[in-house]
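The values are calculated or read from the model by the stated rules, or taken from the named source; none is laboratory data. As the structure is a computational prediction, the values presented were derived from the model and not from experiment. When we count neighbours, we look across all protein chains shown, and the Cβ atoms used for this are built from the backbone with ideal geometry, even at glycine.
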Amino acid sequence: MTEIKSVGVIGAGQMGSGIAHVSALSGYDVYLYDVSEDRIEEGLATITGNLGRQMSKGQITEAERDAAVARLHAANGMEALADVDLAIEAATEDETVKRKIFAALCPVLKPEAMIASNTSSISITRLAATTDRPERFMGIHFMNPVPIMKLVELVRGIATEDETFEAAKVYVQRMGKTITVAEDFPAFIVNRILLPMINEAIYTLYEGVGSVEGIDTALKLGANHPMGPLQLADFIGLDTCLSIMQVLYEGLADSKYRPCPLLVKYVEAGWLGRKTNRGFYDYRGDEPVPTR
């Protein structure tokens, strides 16, 4: 079976830096790549800061932090991933963007290297078919924030070989994560259930059934959710929520997955949630304030 010792992560945003963080902490050599060196440096700084917080809370030792930092490398060009055993794409949830990444990545990788996508909704079979190694390709979907969330969804494409699947399982288990295996259907398990709930909460707001605060309070106290659905949507990113709903709507051709027009409006306004300081809440002050 393929032994994974080194991991390349493509995308130094919230998900990519989280994957790089847990991989380095678990003993893997990690090469973090993004389109600009500034983004790579920001990603590495975020990881170093988060490792420091884990150390200050007594979750890891100083030696573990230092060893993890030593395993992190800036990949200042796609060719820096030439020797990795596993390359994980963690770019924005846009199939066109992901296809371009795989087109640039495949000629660089060694023939035996595995490729994974952290996509939260897009067909693994379809993404794999754009590469030169569909049998060495699969979905490894981490939850956000990666260092905290325990679950990872493993998704095989139609061509994924058993050896690839088994190597991915070993990689994920070494990080102390719990695996759930999902079939290659739109949005897999977690987002197939979660995103329609969030979309329905937005419809509830759109139709005037409840206010932002009312809806979030109702789900937190009435269903014992740790975070209200609109607060969670802001945390995920409203653009990501919309992308996943569009994948569900187009992939399953069922009107129950139609994205709420209010969600579309917020995305068109550039109000994407926490990352832009405005979504269903305004985060520009000391306390979040509902925007409706």
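When both residues are 6+ apart or on different chains and their Cβ atoms are under 8 Å apart, which pairs have a first residue that lies in region 172-184 and is in contact (Cβ under 8 Å) with a residue 40 or more places away in the chain, and a second that is of a type in the set (S, T, N, Q)?
If the second residue must be of a type in the set (S, T, N, Q), the pairs left are ARG174/SER26; MET175/SER23; MET175/SER26; GLY176/SER26; ASP184/SER123; ASP184/THR125.
Which of the residues spanning region 116-132 are charged (D, E, K, R) and part of a loop (DSSP other than H, G, I, E, B)?
Listed by number, the list holds a single entry, ASP132.
Any idea which residue in region 212-237 is nearest to PHE280 (Cα to Cα), counting only those that are part of a loop (DSSP other than H, G, I, E, B) and out of contact with any Ser or Thr (no Cβ under 9 Å at 6 or more places or on another chain)?
Only one residue tops the list, namely MET227.
Could you tell me which numbered condition SER243 fails, if it satisfies all but one of (1) touching an Asp or Glu at 6+ places or on another chain (Cβ under 9 Å); (2) free of Cβ contacts under 8 Å to residues at least 60 places away in the same chain; (3) over 18 Å from SER211 (Cβ atoms)?
Going through the list (1) touching an Asp or Glu at 6+ places or on another chain (Cβ under 9 Å); (2) free of Cβ contacts under 8 Å to residues at least 60 places away in the same chain; (3) over 18 Å from SER211 (Cβ atoms), SER243 breaks only (2).
Among the listed residues SER121, SER117, which satisfies the condition of being in contact with a Leu (Cβ under 6 Å, 6 or more places away or on another chain), of a type outside the set (Lys, Arg), within 23 Å of VAL152 (Cα to Cα) and surrounded by 22 or more Cβ atoms within 10 Å (Cβ to Cβ)?
Criteria check complete, one pass: SER117.
Could you list, in sequence order, the residues of region 246-292 that are in contact (Cβ under 8 Å) with a residue 60 or more places away in the chain and polar (S, T, N, Q)?
THR291, the sole residue that qualifies.
From the list GLU42, GLU64, GLU3, GLU79, which residue is closer than 21 Å to ALA113 by Cβ, surrounded by fewer than 18 Cβ atoms within 10 Å (Cβ to Cβ), at pLDDT 95 or above and not β-branched (Val, Ile, Thr)?
Numbers: GLU42 fails: closer than 21 Å to ALA113 by Cβ; GLU64 fails: closer than 21 Å to ALA113 by Cβ; GLU3 fails: at pLDDT 95 or above.
Sole residue among the options that is closer than 21 Å to ALA113 by Cβ, surrounded by fewer than 18 Cβ atoms within 10 Å (Cβ to Cβ), at pLDDT 95 or above and not β-branched (Val, Ile, Thr): GLU79.
Within region 241-259, is even one residue under 30 Å from GLU64 (Cβ atoms) and in a helix (DSSP H, G or I)?
Checked region 241-259: no residue is under 30 Å from GLU64 (Cβ atoms) and in a helix (DSSP H, G or I).
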